[in-house]
Amino acid sequence: MTEAVTAANYLRKRVYWWLERPDRAATGPWVLELALIALITLNVAAVILETVDSIYDRWGFALNLFESLSLFVFVVEYAARLWVATENPNYKSRASWAVSPIAIIDLLAILPALLYLLFPVDLRLLRTFRMLRLLKLTRYSPALGMLLAVFEEEAGAFFAGFFILMVMLIFAASGAWLAEHEAQPEAFGSIPAAMWWAMATLTTVGYGDVTPVTVAGKIFGAAITVIGIGMAALPAGIIASGLNDQLHRRRSRLEQEFRTALEDGDICEADEADIEAVRKQLGLSRRSAEQIRDRVHAETISAVKRCPTCGQTTIHETKA
């Protein structure tokens, strides 16, 4: 029994190593990652081609076969990631992994096809939902992963922003209805009907298909347009602030790696490999890494040349 448990634990650790790439310098998991990226890309291309009737009529069998094989791979991948989730220090249990954004994306990638097997519905509609597989690329793109982390961390701020937007939407639609429902009953005959104009105005899209014609409606519409400029900028500000915070933390993490490596006075080849792996994982450019390294190296040399007690320079250059 003990040997079986030990073998299962070893197998789980190996599968985790292959899927999650804790060793970023390993070649095998890197090849598997590229294969999954290629499969996701081909799936998106297949969904697009299936919407062309002439292509689907001729290659429908091959496209359906490719979808079946892809579904099998994605289901196995999801099950494997769920199984090895306990090896990831970021998750306390498989349940905590299952409700994480990246796991939900993996589930959405296979859910439409699984629903079709259980409840036959319009296949063309499900093909559209298969485009959600494109979101799986967030796992393999540091930049997209950073954006996903921002959405996860700033969920409260986004909720507050959208709540304010909904309040303003109802307020704008109500005001437009009061001012315009008699003059334009076909466009502003009810508050729900006026919401189309309110949404287009608050988001500063301004399609122009529906516009106020009364004096009160024009004044109210101008005020809503000015308010809409600030409302449209609110989510952008949250994202920009979150991305800046994420970038700052990732640079601090890489800086700490350099400081740890320089504790013995020099960076060896093993340290270089570890730092390069961390850099790739964090999604930072080589130029940023070199700038951080130069700054840390200069600060380390400066600290060595100063007395830890008085702070005075202890090493002086001799004049010729």
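Taking only pairs that are 8 or more places apart or on different chains, how many Lys pairs in the chain have Cα atoms under 26 angstrom apart?
Lysine pairs meeting both conditions in the chain amount to 7.
For the chain, take the longest principal axis of its alpha carbons; what is the angle in degrees between that and the long axis of helix 2-20, to the nearest 10 within 0 to 90?
Computed tilt is about 70 degrees.
What's the center-to-center distance, using Cα atoms, between the range 225-304 and the range 42-70 in Å?
Here the two parts' Cα centres lie 42 Å apart.
Which one of ILE40, ILE227, ILE105 has the biggest mean-square fluctuation once the chain is modelled by GNM with Cα springs under 10 Å?
Highest fluctuation among the options: ILE227.
Kindly express, to the nearest 10 degrees and within the range 0 to 90, the angle between helix 142-153's C-alpha long axis and the longest C-alpha principal axis of the chain.
The helix 142-153 is inclined about 70 degrees to the chain.
What are the GluC sites (Glu not before Pro) within the range 53-97 that DSSP puts in a loop, where the Cβ has at most 16 other Cβ atoms within 10 Å?
Hits after loop and neighbour filter: nothing returned.
Quick one, what does Rg over Rh come out to for the chain if you take C-alpha atoms and the Kirkwood Rh?
Over the Cα atoms of the chain, Rg/Rh equals 1.12.
Normalised by the number of residues in the chain, what is the relative contact order in percent for Cα pairs under 8 Å and 6+ residues apart?
Reported relative contact order: 13 percent.
Considering only DSSP states other than H, G, I, E and B, which GluC sites (Glu not before Pro) in the range 115-197 qualify as loop sites with at most 16 other Cβ atoms within 10 Å?
Taking the range 115-197 and a limit of 16 other Cβ atoms within 10 Å, the loop GluC sites (Glu not before Pro) found are GLU182.
Give the Cα extents of the range 98-201 along the principal axes, in whole Å, largest first.
Principal extents (Cα only, largest first): 53, 37, 20 Å.
Could you tell me how many degrees, from 0 to 90 and to the nearest 10, lie between the Cα long axis of helix 286-304 and the main elongation axis, the longest principal axis, of the Cα atoms of the chain?
Tilt of helix 286-304: around 40 degrees.
As a test of the definition: which semi-axes, in Å, follow for the range 152-216 when you take the square root of five times each eigenvalue of its alpha carbon gyration tensor? Largest first, please.
Three semi-axes, in Å: 27, 11, 8.
Given the C-alpha atoms of the range 142-320, compute the convex hull and give its volume per residue in Å³.
So the per-residue Cα hull volume is 210 Å³.
Which chymotrypsin sites (Phe, Trp or Tyr not before Pro) from the range 106-198 combine a DSSP loop assignment with at most 16 other Cβ atoms within 10 Å?
Here the chymotrypsin sites (Phe, Trp or Tyr not before Pro) that fit, given the DSSP loop and packing criteria, are TYR140.
List, in order, the whole-Hz ³J(HN,Hα) value for each residue of the range 129-138 obtained from phi through the Karplus relation with A = 6.51, B = -1.76, C = 1.60 and θ = phi - 60°; use x for Gly and Pro.
My calculation for the range 129-138 gives 5, 5, 5, 4, 4, 4, 5, 5, 5, 4 Hz in order.
At GLU182 and VAL99, where each label point lies 7 Å from the Cα along Cα→Cβ, what is the point-to-point distance in nanometres?
That separation, rounded to one decimal, is 5.3 nm.
Bear in mind that the values in this text are calculations on the coordinates, not laboratory data. What you see is a predicted model, and the numbers here were worked out from it, not measured in a lab. A quick note on method: Cβ atoms are made from the backbone with ideal geometry, for glycine too, and the neighbour counts reach across all protein chains shown.
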